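Student: The following block contains the structure, expressed as C-alpha cells.
Only the coordinates and a few stated rules stand behind these numbers; no lab work does. Since the structure is predicted, the reported quantities are computational estimates derived from the model, not experimental observations. When we count neighbours, we look across all protein chains shown, and the Cβ atoms used for this are built from the backbone with ideal geometry, even at glycine.
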Amino acid sequence: MKKLNVLFLCSGNSCRSQMAESIMKKLAGDKFNVYSAGSRPDLDKYKETKGVNPTALDLLEKNRFPTENLYSKNWNNFKDHADEFDFVFTLCDKTKSEVDKGECPVFPGQPLSAYWGVEDPSAVTGTIDEIRAAFLSAFSIIQKRISLFVSLPIESLEKIALKQKIIDIGKVQD
C-alpha cells in the first residue's frame, strides 16, 4: 500500500495542528506522510521555536513525541498540492461563521476531510497549571482521535464509509 498523505489544519499552526502532526508521526509509523499548516501562522510570536507554542513542544517532548522537525507553515504552501492529499483534518474550534470568514482553513481539492474541532489551549488564561491542563486536554483528545484513525482498515473501507468514520472520530472527546 502506498503511503497516504495527511494534513492537519488550524488557524495559527502553533499548537493543535503541531501536536497532531507529531502524534500521528509517532503512532502511524511509516503508513502516512504527515503535515500541518495554518491559515494565519505567526512566526514572530514564537521565534525561538519556529512558530510553535513552547508549551505544546514541552508537552510533546515530555511524552516522547518527535519535535525536531516541527515549524509553523502557511496552508497556502500546500494548496497547489491539494490533489496529493488523501486526508485533511481541521482542528479549529471555530464556529461555521468563522470558517466562512476564512478564520479557520478549509482545504480545496478532493481529499477526504473532517472537522476535528479542539478548543485552542493557547487561548486559555490563568495559572500555569490551568494553561498546562488545557494543553493536556487538547493533547489527549487529539491523541485519542489519531489512535482511532490509524487503527481504521483504510484500504478495505468504501470511500463513503471511511468518510463517515473520520467524521465520527471528530466527535470523540476523550
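Student: Using a basic spin-label model with each label point 7 Å from the Cα along Cα→Cβ, how many nm lie between LYS47 and HIS81?
Tutor: The modelled label-to-label distance comes out at 2.8 nm.
Student: Per-residue ellipticity at 222 nm for the chain, helices alone: DSSP H runs ≥ 4 residues times -39500 (n - 2.57), over residue total, nearest 500 deg cm²/dmol? Could the numbers behind the result be given before it?
Tutor: Details: 6 runs with 64 residues, N = 174.
The helix-only estimate for the chain comes to -11000 deg cm²/dmol at 222 nm.
Student: ASN33's amide H: which non-local residues (gap 5+, or another chain) put their own amide H closer than 5 Å, with H modeled 1.01 Å from N in plane and none for Pro or chain starts?
Tutor: Close amide H contacts, sequence-distant or interchain: LEU4, ASN5, VAL6.
Student: Looking at region 55-86, which trypsin sites (Lys or Arg not before Pro) are DSSP coil and have at most 16 other C-beta atoms within 10 Å of their C-beta? Let's see the in-between values first.
Tutor: Values: sites: LYS62, ARG64, LYS73, LYS79; in loops: ARG64, LYS73.
Hits after loop and neighbour filter: ARG64.
Student: Among the listed pairs LYS25/LYS165; LYS2/LYS171; LYS62/LYS163; LYS62/LYS144; LYS73/LYS171, which have their C-alpha atoms separated by more than 23 angstrom in this model? Before the final figure, lay out the partial values.
Tutor: Values: LYS25/LYS165 20 Å; LYS2/LYS171 28 Å; LYS62/LYS163 33 Å; LYS62/LYS144 17 Å; LYS73/LYS171 26 Å.
Flagged as over cut-off: LYS2/LYS171; LYS62/LYS163; LYS73/LYS171.
Student: Further, regarding this structure: So if we plug the beta-carbon distance of LYS163 and ASN69 into 1/(1 + (r/R0)^6) with R0 = 25 Å, what FRET efficiency do we get, rounded to 0.05? Walk me through the numbers before you get to the answer.
Tutor: Details: r = 29 Å, r/R0 = 1.18.
It comes out at approximately 0.25.
Student: What's the longest uninterrupted piece of the chain once you rule out the GluC sites (Glu not before Pro) that are loop residues per DSSP with at most 16 other Cβ within 10 Å?
Tutor: On the way: sites that count: GLU68, GLU103, GLU119, GLU158.
Longest stretch, sites excluded: 1-67.
Student: To test your reading of the geometry: what angle, between 0 and 90 degrees and rounded to tens, separates the Cα axis of helix 159-169 from the longest principal axis of the chain?
Tutor: Result, in degrees: 20.
Student: Assuming R0 = 35 Å, what is the FRET efficiency of ASP58 and VAL150, from their Cβ-Cβ distance, to the nearest 0.05?
Tutor: Working: r = 24 Å, r/R0 = 0.69.
After rounding to 0.05, the efficiency reads 0.90.
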